[in-house]
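Quick notes on the structure that follows.
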Amino acid sequence: MSFGDWIGAFLGFVLTLLVFSYLIGDNPLFRITLHIFIGVSAGFAAVVAIYNVILPQLLEPIFISNRNEQILAIFPLILAGLLITKISHRFAFIGNLPMSYLVGVSAAVAIGGAVTGTLIPQLLASMNLLDVQASQVFDANVGLRLLNGVIILIGTLASLAYFQFGTLSGSSQRNQFQSWIEGIGKIGQIFIAIMFGFLFAGIFSAALTALIGRVITSLDFLRGILGLFLQ
Amino acid sequence: MKNPVYTAIAIGVGIVVLLGYFLQIDLLANLRIVLLEWATILVAVALLVGIVNLFVVHFRKSAADQQNRINSIVLIVSMTITLLVAGWFGPTHTYSLWIFNYIQIPIEASLMAILTVMLIYAGIRLLRRKPNLLTIVFIATAVIILLMSGALFGIDIPGLSELRIWIGKVPAVAGARGILLGVSLGIVAAGLRILIGADRPYGGS
Amino acid sequence: MDQISCPSCGKPNSVDNKFCDFCLSALHPESSGEEVFGAPIPPLSGENREGLGGHESDAEAPDWLSELERSKEAEPEESLGTEADEKLPADAVTDWMSEVSEEDEGKPEPDSAAPFLPDQEISDSQEIPHWLNDALIEEESPGSIEDEDLPEIPISSDAPGSSLEDLPVTPFSDETLGDLENAGPLAGLKGILSAEAGAARAKTPKAYSSSLRISSSQRAHIELLTGLVEEEGQPLPLPERKALSQQNVMRWVIGLVLFVAVLWPLVVSSEQMPFPVYDEGSSEVNRLINQLPENARVLVGFDFEPGLAAELEAAADPVINHIMDQGALLTLISTSPNGPILAERFMQSTQSGHQYINGLDYINLGYLPGGAAGLVSFLDNPQGTISFSIDGIPLWETEGGSNVPVLGDIDQVTDYEMVLVMVDDPETARAWIEQLGPRLSDPLELTSLVLITSAQLEPVVRPYYDGIPQMVNGLVVGLRGGAAYARLVGGEDLLSQYWDAFSWGTFVAAMLILVGGLGYYVVPELTRTAKGQDKVEP
């Protein structure tokens with residue numbers, strides 16, 4: 001390890017301790033550490049955006065490209081200029097134009113992705129749960145697979161019902177229907193509770209790995225320091 | 001401020017991009033590519049605008065005689081140093097990586113690490129109030145998955161490993177699929193409201 | 001309960017009320033006995049009488065007023081008017097008011113239709129909150145008496161009667177009623193207005209101030225409202241947190257136990273925990289990588305945050321090692337601004353043993369802004385979306401292809417043999433699957449989509465992996481998935497460091513939740529039950 005690495009390892013060790021001090025209670029040192037993190041993170045994000053997008057994609061085409069590309073490159077430059085007005089309170093409304101452009105694109109991409117990437121495939125997957133031929137491909141025990149398929153199908157519909165029944169309202173006939181959906185939704189709650197239990201364990205595992213990572217790094221640093229003194 | 005131009009832009013651009021998912025027309029595809037290219041550039045500019053705004057806000061805070069101005073000063077100093085080092089040498093240079101490896105990763109990973117204590121504490125407190133069926137199901141699932149995530153000292157408890165796999169492949173998938181479908185339906189509804197001009201989150205209404 | 005309507009605002013009130021609950025007007029003006037010509041009569045000391053500008057002698061005052069004054073003279077001069085008594089106690093005001101009422105009982109009522117007197121009702125301290133009472137007392141005390149040095153005070157029409165001090169006292173007397181009419185149909189009557197007299201005494205009208213005149217009660221209300229608004233703007237102090245609360249103690253105990261559980265295997269370097277024998281998703285990824293041709297092109301997405309770098313790097317280490325062992329050429333990309341730096345760090349540290357050269361064996365395209373929109377743009381048109389690498393290497397200088405060997409003739413995303421994404425966020429994972437998955441669903445497309453995810457993503461991603469059509473072809477989940485992969489291909493160095501501590505940590509966490517949760521619930525339940533039995537037994 002170089003001297004710079006030693007300094008860095010010491011800095012990382014101290015910062016780790018400062019963050020862990022939150023377990024004792026919220027304190028000014030913890031908050032300062034948080035602000036260091038925000039500053040560094042924002043600094044990197046700005047540099048990466050400038051290096052990777054603003055310079056090569058926005059500015060260089062204006063000076064380097066051929067005539068047609070130069071004309072085409074003016075439009076994003078104008079939109080970017082308008083977007084920058086968002087910094088000012090007085091002229092922020094000018095930035096609404098590029099914002100409307102971004103919102104339109106984002107909405108379209110979100111709809112397209114949700115329909116083609118989730119709705120259709122997941123509905124097909126739900127239907128294929130009871131497809132015996134498909135089941136045979138994946139599992140020798142067709143009966144067990146079909147049983148699991150039925151459970152998944154019921155769970156999917158019940159979970160969906162739990163999220164959707166709140167939008168129904170109206171006449172007494174609808175109320176009857178609504179009470180059915182609510183009943184199914186209660187079954188859905190159990191499936192959702194299982195899913196969230198799984199998610200909880202997953203988040204803990206991810207956080208635990210981060211903890212182990214910090215402990216390993218800190219131990220390496222302390223062992224290194226100890227080794228230096230013992231030599 | 002009402003401005004139909006904004007709404008027209010959002011609808012027009014959105015429809016062109018959306019149609020590109022379903023129709024294979026060269027002109028439409030080319031137009032879509034150009035619109036998406038511009039959108040990616042604009043998002044990067046928006047990111048920069050946000051960072052400049054962050055800097056300005058904290059600069060004002062640090063200039064004012066406020067109680068927590070030290071935090072703002074620290075933020076500005078750390079951001080400026082990072083901008084200078086990574087901006088001058090490049091974001092993947094050794095010096096930039098030094099800042100990344102020894103400042104950003106330790107802080108962010110440590111923040112993630114203290115989540116472990118909070119999660120266990122939350123899990124314990126969940127049973128403090130009189131538990132119902134859902135609480136018990138939630139905790140039982142979490143405990144089973146946690147136990148079977150590690151090696152469990154090499155002990156093979158009959159059925160437990162299979163139970164973990166079954167939970168992951170059947171009831172958890174069912175719940176997740178229901179949520180995914182619900183979320184997708186919500187996204188489609190919200191997106192369509194924008195594309196028909198009913199919602200104008202860009203200040204068009 | 002019987003109710004009466006307020007003469008001022010018309011709203012219903014209980015008959016027991018002296019004053020209106022809504023507008024604070026007197027509900028029984030005839031019973032107050034304090035009004036003469038719409039003005040309440042203060043207890044008058046000598047000074048006050050001077051202050052009223054009249055210099056009236058006792059002879060000029062009516063009988064009932066003389067009596068009132070005599071009764072007040074028995075008391076020390078504490079009521080009103082002296083400079084020293086600027087702030088009166090609440091009971092001082094209420095006392096004299098009540099005495100005036102008692103004195104005036106049985107006397108002829110001067111005017112039963114006296115208008116609403118805003119200052120009268122505040123004398124009853126029981127009907128209004130003490131804070132309002134205090135405020136009113138401050139306003140009514142001597143300061144306002146001094147104002148009465150003015151010979152005449154105009155009374156605005158919207159505040160009839162105005163305040164006690166604002167009004168001149170003009171009691172009935174023969175003099176005030178004027179001369180006896182001696183001619184015409186009104187002959188013999190007193191107090192008749194004379195047309196000639198009015199015309200003869202014509203004079204310039206008095207100049208009244210155009211400034212807003214408000215009564216003391218209105219002023220009190222204004223000050224009250226201002227005070228309330230100002231208080232709203234001031235932050236309330238947070239309640240002080242106990243330094244040693246049960247919550248803190250529990251946190252410390254949990255933290256300590258967990259820390260010891262994680263630290264112990266790392267200190268002793270036990271490495272005794274066996275890796276998982278089999279994981280379906282990891283095995284599928286292994287199969288797909290084994291099928292890669294020589295010099296296959298693999299697009300690797302680094303879409304995770306630095307906080308989860310430990311987990312993702314440990315899980316991805318055996319997988320990327322395996323891909324590099326196959327001689328694949330890597331294109332690195334990220335939809336997160338931190339991603340390109342994480343990619344560079346990964347290539348320089350964990351994969352340094354492979355001697356991959358930037359630009360030759362791998363290329364770091366850098367940051368792809370716009371989330372899902374950026375992804376669509378890149379998947380459709382990589383050349384137009386990213387033109388330079390993060391290191392500034394121009395990517396597409398030649399027509400129809402790249403000058404960078406790694407990119408070769410990549411024109412669209414399906415030109416890659418495999419797309420491998422390291423991801424920790426459900427939204428980002430969904431964006432990749434939703435935008436890329438449908439393009440790969442064609443059976444003729446040979447590109448496979450593989451995810452290496454954080455453990456927290458397993459429930460979200462699994463429906464895409466387990467479903468038919470399969471949107472994700474291979475799945476390595478968290479440390480466990482990585483360990484299962486490492487067992488298949490070897491290269492357990494990095495994972496073996498983590499695996500023992502991870503196994504201990506998850507076990508201890510499960511036990512803490514189970515034992516702690518039961519302890520939290522069962523012990524109080526048992527205590528409650530025992531207490532209940534104790535109560536029943538005696």
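Data for the structure
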item: Helix-derived mean residue ellipticity, 222 nm - over chain A, DSSP H n ≥ 4, -39500 (n - 2.57), to 500; result: -26500 deg cm²/dmol
item: Amide H partners (placed H, <5 Å) of C:S334, local residues excluded; result: C:F302, C:G366, C:L368
item: Three semi-axes of the equivalent ellipsoid, chain B, Cα gyration tensor, whole Å, largest first; result: 41, 34, 21
item: Virtual spin-label span in nm between C:S283 and C:F22, 7 Å along Cα→Cβ; result: 8.1
item: For residues of C:383-391, the mean tally of beta carbons on other chains within 10 Å; result: 5
item: Globularity ratio of the range B:115-192, using Cα Rg and 2.2 N^0.38 Å; result: 1.43
item: Cα gyration tensor of the range B:4-104 - equivalent ellipsoid semi-axes, whole Å, descending; result: 41, 21, 9
item: The range C:434-538: translational diffusion in µm²/s, Stokes-Einstein, Kirkwood Rh over Cα pairs, 4 °C, 1.567 mPa s; result: 71
item: Average other protein chain Cβ within 10 Å of Cβ, residues C:446-459; result: 5
item: B:L192/C:N403 FRET efficiency (R0 35 Å; Cβ-Cβ; nearest 0.05); result: 0.20
item: Sum of -39500 (n - 2.57) over DSSP H runs of 4+, divided by residues of chain B (222 nm, nearest 500); result: -26000 deg cm²/dmol
item: Dipole magnitude (debye, nearest 20) for the range B:97-178, charges at Cβ of Lys, Arg, Asp, Glu; result: 440
item: Shape parameters for the range C:330-394, alpha-carbon atoms, Rg then Dmax in Å; result: 12.1, 36
item: Principal axis dimensions, the range C:280-491 - Cα atoms, whole angstrom, descending; result: 43, 36, 33
item: Rg/Rh (Cα only; Kirkwood hydrodynamic radius) as it applies to chain A; result: 1.12
item: Sequence-distant residues sharing a close amide H with C:V476 (under 5 Å, placed H); result: C:L451, C:I452, C:T453
item: Virtual spin-label span in nm between A:L11 and C:L236, 7 Å along Cα→Cβ; result: 4.4
item: FRET E, pair B:L134, A:F63, Förster distance 41 Å, beta-carbon r, rounded to 0.05; result: 0.10
item: Span-rule helices in chain A, defined as complete DSSP H runs reaching 15 Å or more along the axis (Cα) with Kyte mean at least 1.6; result: A:3-20, A:28-49
item: Length-normalised contact order for chain A - Cα pairs under 8 Å, 6+ apart - percent; result: 13
item: Rounded FRET efficiency, nearest 0.05, which uses the C-beta distance separating A:L77 from C:Q383 and R0 of 30 Å; result: 0.90
item: Amide N proximity, the range C:496-534 versus C:Q246 label position 7 Å along Cα-to-Cβ, cut-off under 19 Å; result: C:512-532
item: Under the span-like rule (Cα at least 18 Å along the axis, Kyte-Doolittle mean at least -1.0), DSSP H helices of chain B; result: B:4-22, B:26-63, B:69-89, B:133-149, B:171-195
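Here, each number is a calculation from the coordinates, and none is a lab measurement. Source: prediction; values computed, not measured. Ideal geometry is used to build each Cβ from the backbone, glycine not excepted, and the neighbour counts take in all protein chains shown.
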